[in-house]
Amino acid sequence: MRMRFILVLVALAIASTSAYADDDSDIKEQQRVVIQNRKFKLGTEVAFEGATLPLDPFNKGLGGTARLTFHFNDFNAWEVISATGAYNLNSDLANQLEKNFGIQAQQLPGLILMLESDYIVKPFYGKFALANRTLLYQEVYLAVGATASYWTDPNPLRQIRYGPNVGGGLRFFVADWLSWRFDLRYAAVASEIPFLIKNATLDGVLYLGTGLAFNIGG
Amino acid sequence: MRPLIFAAVLIASFAAHATSGQYDDEDSGGNAVVIQQREFKMAHEFTMQSGTLPLDAFEKGIALTGRYTLHFDDFNAWEIVGVTYSLNIDSGLKGILANDPFHVQPESLPELILVADSNYVATPFYGKFALFNSAIIYEELSLYGGLSVSYWSDGSFQPGPDFGAAIRFFMFDFLSLRFDIRHSLVMNGIPVVDPNAQINGILQLLAGVSFNIGGG
């Protein structure tokens with residue numbers, strides 16, 4: 001009986017706190033939160049981005065990315081596929097290994113292609129005042145999913161690496177059909193099962209990209 | 001004369017376009033754009049952050065950061081000082097290089113210890129988000145540009161420019177949550193002039209809280 005009483009008290013306390021928070025969150029709008037309808041809604045999105053992949057110790061990668069995303073509603077979307085091709089420039093470390101230690105470029109692993117598929121949640125949608133003059137609409141989204149990647153590596157077992165990825169992004173709407181987006185993603189990819197198989201590799205791929213997204217429908 | 005007329009027409013067309021742009025971008029709310037007064041204003045900002053400094057191939061840094069920023073008005077501020085301590089963790093690359101197929105013992109390279117920076121801060125974007133269409137959260141987007149000085153484990157100081165951006169979510173008048181991305185290009189000599197000069201990139205990905213005093 002006492003347990004039930006405590007549970008009721010806790011439930012009441014939580015309910016009153018959230019109600020208070022709702023009332024208090026926008027005092028200047030007459031104690032009420034008014035959410036406008038969204039001006040921009042997305043349907044099928046095709047995005048093209050340029051990116052940098054700065055984490056590889058042997059290569060500084062420049063990436064070109066294409067993404068296809070289906071937006072189910074205002075909050076949920078599925079980035080069905082995204083493909084990133086990397087153009088690798090030698091890092092200082094790779095140059096030193098090649099010049100001073102006789103290491104061949106083919107011996108150094110480098111990311112070539114990365115495929116991702118992600119669930120996208122878009123909790124934040126809003127508008128910015130740009131220098132208090134112009135309105136810009138934007139949204140913030142978070143991504144989580146799976147990555148498969150192809151690497152140059154003398155060991156064939158290490159050429160395909162896969163693993164989870166997480167990330168987020170910011171989108172500025174330019175028109176119904178066009179938006180400008182910034183993405184940050186991090187994938188942890190392994191060649192085999194890390195920690196269980198001795199020779200398995202585990203690499204982090206950081207992706208910093210920006211580009212244009214074209215929307216069809218919505 | 002003809003170029004003058006052409007220039008005047010060009011300027012007039014740009015001006016007309018800008019005016020039209022102001023009245024055009026909110027169709028559903030009438031013909032005029034109404035910008036509300038800012039709910040949150042900043043004055044003296046003290047920031048504590050943590051994050052990562054991921055660019056060093058041999059050592060991955062865990063960042064511990066403190067900053068003080070003086071906000072002059074809604075748009076302009078001076079981040080008078082920001083200091084980041086890097087807690088370095090071995091990336092495992094030395095082990096990889098020591099084993100097959102490389103068999104290379106890398107020389108001992110200096111590790112980043114501290115980065116101090118001072119930046120001009122422009123905050124052109126201020127707005128509000130609907131969180132799951134049910135609550136309103138105020139935020140702003142800032143851009144940074146300034147100078148960094150880094151201190152390394154071999155006792156050297158390397159200065160250079162830095163730039164970055166941050167997004168801030170306001171929780172209360174006195175508290176906000178912010179996420180930063182910053183990049184410094186520090187060097188141990190003047191590139192081009194000194195053939196041995198090296199440029200190091202320091203990327204900082206940070207998240208933390210800011211405490212605001214004054215402003216309202």
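The values are calculated or read from the model by the stated rules, or taken from the named source; none is laboratory data. Here the structure is a predicted model, which is why all the values come from computation and not from measurement. No Cβ is skipped: glycine too gets one built from the backbone with ideal geometry, and neighbour counts run over all protein chains shown. Each accessible area value is taken on the protein alone, full model and side chains, heavy atoms only, with ligands, DNA and RNA left out. Shrake-Rupley method; radii C 1.70, N 1.55, O 1.52, S 1.80 Å.
Applying the set (1) of a type in the set (A, V, I, L, M, F, W, C); (2) open to solvent by 80 Å² or more (accessible area, probe 1.4 Å); (3) away from chain B (no Cβ under 13 Å) to A:Trp151 leaves exactly one unmet item: (2). Scanning region A:127-159 for residues that are at pLDDT below 90 and in contact with a Lys or Arg (Cβ under 6 Å, 6 or more places away or on another chain) returns a single hit, A:Leu135.
Pick from region B:94-128 the residues that are under 21 Å from the mean Cα position of the chain (by Cα), within 12 Å of chain A (Cβ to nearest Cβ) and not β-branched (Val, Ile, Thr): which of them is surrounded by the fewest Cβ atoms within 10 Å (Cβ to Cβ)? Once the filter is applied, the top-ranked residue is B:Ala122.
Looking only at region A:126-143, decide whether some residue is more than 28 Å from B:Ile136 (Cα to Cα) and not β-branched (Val, Ile, Thr).
Looking through region A:126-143, none of the residues is more than 28 Å from B:Ile136 (Cα to Cα) and not β-branched (Val, Ile, Thr).
When the residues of region B:185-216 are filtered to those that are in contact with a Pro (Cβ under 7 Å, 6 or more places away or on another chain) and away from every other protein chain (no Cβ under 11 Å), the one that is nearest to B:Arg38 (Cα to Cα) is B:Leu185. Within region B:129-145, residues that are free of Cβ contacts under 8 Å to residues at least 60 places away in the same chain and more than 7 Å from chain A (Cβ to nearest Cβ) sit with their Cβ atoms under 8 Å from residues that are of a type in the set (Ser, Thr, Tyr) and surrounded by fewer than 18 Cβ atoms within 10 Å (Cβ to Cβ), at 6+ positions apart or across chains, in these pairs: B:Gly145/B:Tyr120.
Checked against the criterion of being open to solvent by 70 Å² or more (accessible area, probe 1.4 Å), within 14 Å of chain B (Cβ to nearest Cβ) and modelled with pLDDT of 80 or more, region A:54-66 has at least one qualifying residue. Looking across region A:165-187, just one residue is open to solvent by 30 Å² or more (accessible area, probe 1.4 Å) and closer than 23 Å to B:Ile96 by Cα, and that is A:Tyr186.
Going through (1) away from chain B (no Cβ under 13 Å); (2) open to solvent by 20 Å² or more (accessible area, probe 1.4 Å); (3) among the basic types (Lys, Arg) one by one, A:Arg161 falls short only on (2).
To keep it simple, each residue is scored yes or no on (1) in a loop (DSSP other than H, G, I, E, B); (2) under 26 Å from A:Gly218 (Cα atoms).
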residue: A:Glu79; (1), (2): no, yes
residue: A:Leu89; (1), (2): no, no
residue: A:Leu111; (1), (2): no, no
residue: A:Glu116; (1), (2): no, yes
residue: A:Ile120; (1), (2): no, yes
residue: A:Phe124; (1), (2): no, yes
residue: A:Asn132; (1), (2): yes, no
residue: A:Tyr162; (1), (2): no, no
residue: A:Arg171; (1), (2): no, yes
